[in-house]
Amino acid sequence: MAKRRRRRQLPEPSVVRIEAMSHEGRGIAHIDGKTVFVFGAIEGEQVRIQIRKTSRNFDEAITLDVIEPSTLRIKPKCEAYEVCGGCSLQHIVNDEQVAFKQCSLLEMMQHAGIEIGEVIPPIRSHPWGYRRKARLGVKFVRKKGRVLVGFRERNTPFLADMSRCEVLIPRVGNHLRDLANLIESLDAREAIPQIEVASDDSHVALVFRHLMPLSKGDREKLVDFAKHNDVWVQLQPGGPDSIVNLYPRQQVLHFAPLQNEDININFDAVDFTQVNAEINQQMVAQALHYLDLNEDDRVLDLFCGLGNFSLPMARRCLKVTGVEGDAPMVGRAKQNALEHSIDNSEYFVADLSRPDPEIGWMREQYDKILLDPPRLGALEIAQYIPRFDAETIVYISCQPASLVRDSKIICDSGYRCTHLGIMDMFPHTAHVESMTVFKRATNC
């Protein structure tokens, strides 16, 4: 019989001085020369910690007590902050959170040898109740005899026991317990693993994923909840294509990428859209500013999605070519352009992680380029940037490491970084969204 592997005993709590901050927003300390990353600690503080995870090169710990607090420390607003994995910086003054993210990004770029011309002031919004898109986990816990609705615990697969979320829009974040009570009342309470949240200025849509057919009674309870709480309900028995409207039968969500402009982009609840509407509008406006479009410009919009940038750009230039890997989203981008009588934009479905240099749009030249890739970045398509011969490139990033890598490729191909700044799309988290502007070097 094989021997059972003995679980390694974790060390006793220790008192440490926090020497610096990691790029993920954790405090850095050392114990007997070994690096320890400490959640919930701030540079300069003396704290008592408990190591929770060990590895050969470093350990990970949580803060148990703050012995000497930093002047930047505040009380987290969320009651579930210590366990929920959604936010990691609520214990730090918001202004300092933003400054920390900006400095971290600048350090990473400079460490890679990328010279930055000018730092753009951070784009900011109200730091609470901003999140319009989210995927809430749902779990009926037999031992507790009740349902949990919320986000995962930090570094565990379990759901945090929470009654509200301070960063979600209040119409959802203040009612997690109501959602849990609703699901507890259903016959299918053990067969609902998640709720997708999507909202616009006027409506909130809740997409209930269910792993078994819902009874007539369950459907009636969901409709009653929708009516009583002024929300829309959709059902998802399978993949994204299986989603149907339960109540009301007609549902259309839309967002405006710019203030004071009559563009409203329709989207489905599970489509990718930016979670922070206020930041998105400022971001689109800033991108337009740095692109400095004129009526003769031909623009390439890579990872164009629903047309968040494409449609406003098309109003200001000769032609926009949008490219996106998700075919349904490309279809909706085309439809949104049609509904706004924008006839100078075209859209193509293409896997930009595997560019085809012989396809039509890849053989064209463009005056300006906008990239808005996912977290993995734009490694493969960035290799082809020189062939487009663009004067200006605006790169929207949601992952600093991939931005640094891709920026090196772009700069090595004959461009210089003229502007860089963050956009605080996700306040109270270590997530860093940024905008980088590149100009073709005059000596190339």
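The values are calculated or read from the model by the stated rules, or taken from the named source; none is laboratory data. Quantities reported herein were computed from a predicted structural model and do not represent experimental measurements. Cβ placement follows ideal geometry from the backbone for every residue including glycine, while neighbour counts extend to all protein chains displayed.
Determine whether the stretch 175-188 contains at least one residue that is assigned to a loop (DSSP other than H, G, I, E, B), free of Cβ contacts under 8 Å to residues at least 12 places away in the same chain and more than 22 Å from Val244 (Cα to Cα). Working first, answer last.
Of the stretch 175-188, the ones assigned to a loop (DSSP other than H, G, I, E, B) are 175, 185-188.
In the following step, the residues that additionally are free of Cβ contacts under 8 Å to residues at least 12 places away in the same chain were identified as none.
Checked the stretch 175-188: no residue is assigned to a loop (DSSP other than H, G, I, E, B), free of Cβ contacts under 8 Å to residues at least 12 places away in the same chain and more than 22 Å from Val244 (Cα to Cα).
Residues are listed down the side, and each one gets a yes or a no for (1) assigned to a loop (DSSP other than H, G, I, E, B); (2) assigned by TED's automatic domain parsing to the domain that holds Val432; (3) at pLDDT 95 or above; (4) more than 17 Å from Lys77 (Cα to Cα):
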position	(1), (2), (3), (4)
Lys144	yes, no, no, yes
Val147	no, no, yes, yes
Asn155	yes, no, no, yes
Cys165	yes, no, yes, no
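Within the stretch 218-241, which residues are of a type outside the set (A, V, I, L, M, F, W, C), at pLDDT 95 or above, assigned to a helix (DSSP H, G or I) and surrounded by 11 or more Cβ atoms within 10 Å (Cβ to Cβ)?
Step one: list which residues in the stretch 218-241 are of a type outside the set (A, V, I, L, M, F, W, C), which gives 218-221, 224, 227-230, 234, 236-241.
With the extra rule that they be at pLDDT 95 or above, the set shrinks to 218-221, 224, 227-230, 234, 236-238.
Those still in the list that are assigned to a helix (DSSP H, G or I) too: 218-221, 224, 227-229.
Asp218, Arg219, Glu220, Lys221, Asp224, Lys227, Asn229, listed by residue number.
Among the residues of the stretch 108-115, is there at least one that is among the charged types (D, E, K, R) and without any contact (Cβ under 8 Å) to a residue 12 or more places away in the chain? Write out each step before concluding.
Taking the stretch 108-115 and keeping what is among the charged types (D, E, K, R), we get 115.
Going one step further and asking which of them are without any contact (Cβ under 8 Å) to a residue 12 or more places away in the chain, we end up with none.
Checked the stretch 108-115: no residue is among the charged types (D, E, K, R) and without any contact (Cβ under 8 Å) to a residue 12 or more places away in the chain.
Within the set of pairs 6+ apart or on separate chains, which have a first residue in the stretch 38-60 that is over 15 Å from Glu12 (Cα atoms), a second that is exposed (fewer than 15 other Cβ atoms within 10 Å of the Cβ) and among the aliphatic types (A, V, I, L, M), and C-beta atoms under 7 Å apart?
Here the result reads Glu43/Ala20; Gln46/Val15; Gln46/Ile67, each pair linking the stretch 38-60 to a residue that is exposed (fewer than 15 other Cβ atoms within 10 Å of the Cβ) and among the aliphatic types (A, V, I, L, M).
Identify all residues within the stretch 221-239 that are basic (Lys, Arg) and in contact (Cβ under 8 Å) with a residue 40 or more places away in the chain; write none if there are none. Quick ask: steps written out before the conclusion?
Residues of the stretch 221-239 that are basic (Lys, Arg), as a first pass: 221, 227.
Passing the criteria: none in range.
Just checking: which of the strands (runs of 3 or more DSSP E) contained wholly in the stretch 253-306 hold 1 or more residues that are over 19 Å from Asn344 (Cα atoms)?
Working: elements: 253-255, 265-267, 298-302.
Of the strands (runs of 3 or more DSSP E) lying wholly inside the stretch 253-306, those with at least 1 residues that are over 19 Å from Asn344 (Cα atoms) span 253-255, 265-267.
For the stretch 400-418, which positions are under 22 Å from the mean Cα position of the chain (by Cα) and either surrounded by 20 or more Cβ atoms within 10 Å (Cβ to Cβ) or farther than 30 Å from Glu82 by Cα (or both)? Give the steps one after another, and end with the answer.
Of the residues in the stretch 400-418, the ones under 22 Å from the mean Cα position of the chain (by Cα) are 400-407.
Within the stretch 400-418, Pro400, Leu403, Val404, Arg405, Asp406, Ser407 meet the criteria.
Give the stretch 386-399 a look and list any residue that's under 20 Å from the mean Cα position of the chain (by Cα) and surrounded by fewer than 21 Cβ atoms within 10 Å (Cβ to Cβ), or say none. So that I can check it myself, show each step before the final result.
Within the stretch 386-399, the first condition is being under 20 Å from the mean Cα position of the chain (by Cα), and the residues that meet it are 394-399.
Those that are under 20 Å from the mean Cα position of the chain (by Cα) and surrounded by fewer than 21 Cβ atoms within 10 Å (Cβ to Cβ): Cys398, Gln399.
Could you look through the stretch 99-138, keep only residues that are farther than 24 Å from Cys78 by Cα and among the small types (Gly, Ala, Ser), and pick out the one that is nearest to the chain's Cα centre (by Cα)?
If we take residues in the stretch 99-138 being farther than 24 Å from Cys78 by Cα and among the small types (Gly, Ala, Ser), then Ser104 is nearest to the chain's Cα centre (by Cα).
How many residues does the stretch 272-296 hold that are surrounded by 18 or more Cβ atoms within 10 Å (Cβ to Cβ) and modelled with pLDDT under 95?
So the count comes out to 0.
Assess whether Ile422 counts as being closer than 18 Å to Val323 by Cβ and either crowded, with 21+ Cβ neighbours inside 10 Å or touching a residue at least 60 places away in the same chain (Cβ under 8 Å) (or both).
No, not satisfied.
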